[in-house]
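Remarks on the structure that follows.
The values are calculated or read from the model by the stated rules, or taken from the named source; none is laboratory data. Since the model is a prediction, treat every value here as computed from it, not as a measurement. Backbone-built Cβ (ideal geometry, glycine too); neighbour counts: all protein chains shown. For accessibility, only protein heavy atoms count, side chains too; no ligands or nucleic acids. Shrake-Rupley method; radii C 1.70, N 1.55, O 1.52, S 1.80 Å.
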Amino acid sequence: MWCGIDLGSRNVKVALLNNDGVRYYKFDTIKFYREHGRLVNGKLQVDLESLLSVEEQIDTVVSTGYGRQTVNLAGARAIPEIKAHVLGAAYATGLTDFTLLDLGGQDSKVALVSGGRMVDFQTNDKCAASTGRYLENMADVLGISTEELSRYHENPVELTSTCAIFGETELIGRVVEGYSTASLAAGVNYTIFKRIRPMLQKLLSPVIVFTGGVAANTALRKIIRRELAVEVRVPPAPQYAGALGCCLAARREGENRG
């Protein structure tokens, strides 16, 4: 059994892989650290077999994610996020040539994959304006759920702010001006696209594999498809692509060791 852990900013995602297939688990990040981990000699100790209620011993653990830079998970080898997401996306879709788009809670990543190998990538973790956190905040301003927000892409209101904080102020101003919720929500979704478009255009291919929690935004998928004239494919359980990629790296490491 192999384990992959994606230490996300909002949630910790775990994937377990064995000969019977893959299983996924999700934990709130703060609760995960508080309730399931303890710091020993500067490393986070987690009893994974007990936490995941598995009787079989876990052979190899590989971790990645937003927290891998600050949290040293005992017994786990850390790999870069972009590598983990590429591995997970390729496995889940069976593709060897594609552009990876991963939009998580607090960062965005784009990678070009050719012949099954990543040949170039770009990341943006300096601003939350093209992430799930931004969408949650803007949905709160509009008084709707992120699920409802993700339905709208027609007749978008022009929103020009490139900052997540100032974007909220601009959106409130548009609400005061009397625009409909549908047009405002469409405008929010278009702002996400405008912020990731330069990265996508630089590493564009005919197929974009969309992973991360924001991949659930159907409006953004439609906008990308329409504006860039590409196929947009969302693999099963897109938010677990990083954890799955870690699982695959763990399996490879275990097999090489064996």
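The listed residues 93, 169, 181, 211, once ranked by accessible area (1.4 Å probe) with the largest placed first, stand as 169, 181, 93, 211.
Taking 122, 201, 239 in turn, the Gaussian network model of the chain (Cα-Cα springs below 10 Å) assigns the largest fluctuation to 201.
Any idea what angle helix 218-228 forms with the longest principal axis of the chain, computed on alpha-carbon atoms, 0 to 90 degrees, nearest 10? Relative to the chain, helix 218-228 is tipped by roughly 70 degrees.
Classify the stretch 1-140 as rounded, prolate or oblate from the Cα gyration tensor: take a ≥ b ≥ c as the square roots of its eigenvalues, call it rounded if a/c is under 1.5, otherwise prolate when a/b beats b/c and oblate if not. Oblate, because a/c is 1.5 or more while a/b does not exceed b/c.
Residues considered: 186, 241, 111. Largest GNM mean-square fluctuation over the chain, using C-alpha springs under 10 Å, is found at 186. Computed over neighbours whose Cβ is under 15 Å from that of residue 1, the net charge equals -4, Lys and Arg +1, Asp and Glu -1.
Averaged over its residues, the stretch 1-113 has an accessible area of 47 Å² per residue, based on protein heavy atoms and a 1.4 Å probe. The apolar share of the surface of the chain, taken as the fraction of accessible area on carbon and sulfur atoms (1.4 Å probe, ligands and nucleic acids excluded), comes to 46 percent.
Of interest is the spacing of the C-alpha centroids, which for the stretch 48-66 and the stretch 152-193 amounts to 42 Å. With the gyration tensor restricted to C-alpha atoms of the chain, the semi-axes of the equivalent ellipsoid amount to 34, 21, 14 Å, longest first.
Probe radius 1.4 Å, ligands and nucleic acids left out: which of 49, 56 has the largest accessible area, and how do the rest follow? Walk me through the numbers on the way to the answer.
Working: 49 60, 56 90 Å².
If we order 49, 56 from most to least accessible, we get 56, 49.
The string of couplings for the stretch 110-123 from the Karplus curve (6.51, -1.76, 1.60, θ = phi - 60°) is 9, 9, 9, 10, 9, x, x, 10, 6, 10, 6, 7, 9, 9 Hz, one whole number per residue in order, with x for Gly and Pro. Could you tell me how many degrees, from 0 to 90 and to the nearest 10, lie between the Cα long axis of helix 164-176 and the main elongation axis, the longest principal axis, of the Cα atoms of the chain? That works out to roughly 40 degrees. If you run the Gaussian network model on the chain, springs between alpha carbon atoms under 10 Å, then out of 191, 146, 160 the most flexible one is 160. May I ask for the distance between the Cα centers of the stretch 1-43 and the stretch 222-258, given as a whole number of Å? Their Cα centres are 17 Å away from one another. Rounded to the nearest 10 degrees, the inclination of helix 81-93 to the longest alpha-carbon principal axis of the chain is 90 degrees.
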